[in-house]
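First comes the structure, then the notes that go with it.
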Amino acid sequence: MSLKDYKRKRRFDVTPEPEGRDVKPAAKKPEHELAYVIQKHQATRLHYDLRLEWRGVMLSWAVPKGPSLDPSMKRLAMPVEDHPIEYNTFEGVIPEGEYGGGTVMIWDRGTWSPEVPDVNEALKKGDLKFTLHGDKLRGSWVLVRTGGWRGSSGKPSWLLIKHRDDFISTRDVTIELPRSAVSNRLLADIARANNGDVEKAAAGDPATTVAARPGAKTKAMARSPKRKKPESRGKRTSASKK
Ligand code: MN
């Protein structure tokens, strides 16, 4: 567990992301509740960064399609570099051209608890069962490492799967609950407030997908009245042009 990769990839005089303190030697048994966060990140591609606090850092996986409450849906989860705990409160815009350039939303947050006696062993084995206590996601989940496809990182991919319990559903939680858990904003709102690329951010908000079909009016649009204002459909601001 180290922030070496995290720090190496970022220029902290350019990005508003937190630099993070040095990781303290970790206690074997955590004395506090372990933090959990999912950041929805509209970078080159939209993905959801699942982060679980462990030994002084946030273990992180990028989940391109986001979590599914349907146990039959296995969601690809690519391991990414450990992030600092301070990252959990970051919601804003990473400048274009920087690592991960784009808009970041705190999509869900809360705590997690391991369902295994030894988390280090579970991580080594590639089979981590855990419970989420978030605003949007609850109940039992598993992250399981596959022998299959390796991403650009060269690390094997994992799968994020919902376990069967009272919290399963076939409803698409990423579409039905697209807003920030801390600010209730959509990606486009966050981009607009932080001088980001509003058009690019809006492509990650579900209402945009719907709005692309002329005449289609859905619940998602009705819940997002801001999206109907002219400025949210407008051209990029000069600041966001490449
Ligand atoms: Mn990301």
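The values are calculated or read from the model by the stated rules, or taken from the named source; none is laboratory data. The structure presented is a predicted model; accordingly, all values stated were derived computationally and were not measured. For neighbour counting, all protein chains shown are included, and Cβ atoms are generated from backbone atoms with ideal geometry for every residue, glycine included. Quick note on the areas: whole protein, heavy atoms, side chains included, nothing else; ligands and nucleic acids left out. Shrake-Rupley method; radii C 1.70, N 1.55, O 1.52, S 1.80 Å.
I need a count of the residues in region 83-113 that are among the hydroxyl-bearing types (Ser, Thr, Tyr) and crowded, with 18+ Cβ neighbours inside 10 Å.
Residues that pass the stated criteria total 2.
May I ask you to list the residues in region 121-137 that are assigned to a strand (DSSP E or B), in contact with a helix residue (DSSP H, G or I) (Cβ under 9 Å, 6 or more places away or on another chain) and buried (at least 19 other Cβ atoms within 10 Å of the Cβ)?
128, 130
Of the numbered conditions (1) open to solvent by less than 50 Å² (accessible area, probe 1.4 Å); (2) outside any loop (DSSP other than H, G, I, E, B); (3) among the charged types (D, E, K, R), residue 165 fails exactly one; give the number of that condition.
Here residue 165 clears every test but (2).
Looking only at region 27-73, how many residues end up being open to solvent by 40 Å² or more (accessible area, probe 1.4 Å), within 13 Å of residue 112 (Cβ to Cβ) and within 16 Å of the ligand (Cβ to nearest atom)?
At the first step, the residues of region 27-73 found to be open to solvent by 40 Å² or more (accessible area, probe 1.4 Å) are 27-33, 44-46, 55, 64-65, 72-73.
Next, from what is left, pick out any that are within 13 Å of residue 112 (Cβ to Cβ): 30, 32-33.
Of the ones still in play, those that are also within 16 Å of the ligand (Cβ to nearest atom) are none.
Going through region 27-73 one residue at a time, the tally reaches 0.
Residue 79 - would you say it is touching a strand residue (DSSP E or B) at 6+ places or on another chain (Cβ under 8 Å) and either within 12 Å of the ligand (Cβ to nearest atom) or open to solvent by less than 60 Å² (accessible area, probe 1.4 Å) (or both)? Step through it out loud before you land on a result.
Details: touching a strand residue (DSSP E or B) at 6+ places or on another chain (Cβ under 8 Å): yes; either within 12 Å of the ligand (Cβ to nearest atom) or open to solvent by less than 60 Å² (accessible area, probe 1.4 Å) (or both): yes.
Yes; evaluated as a whole, the condition is true for this residue.
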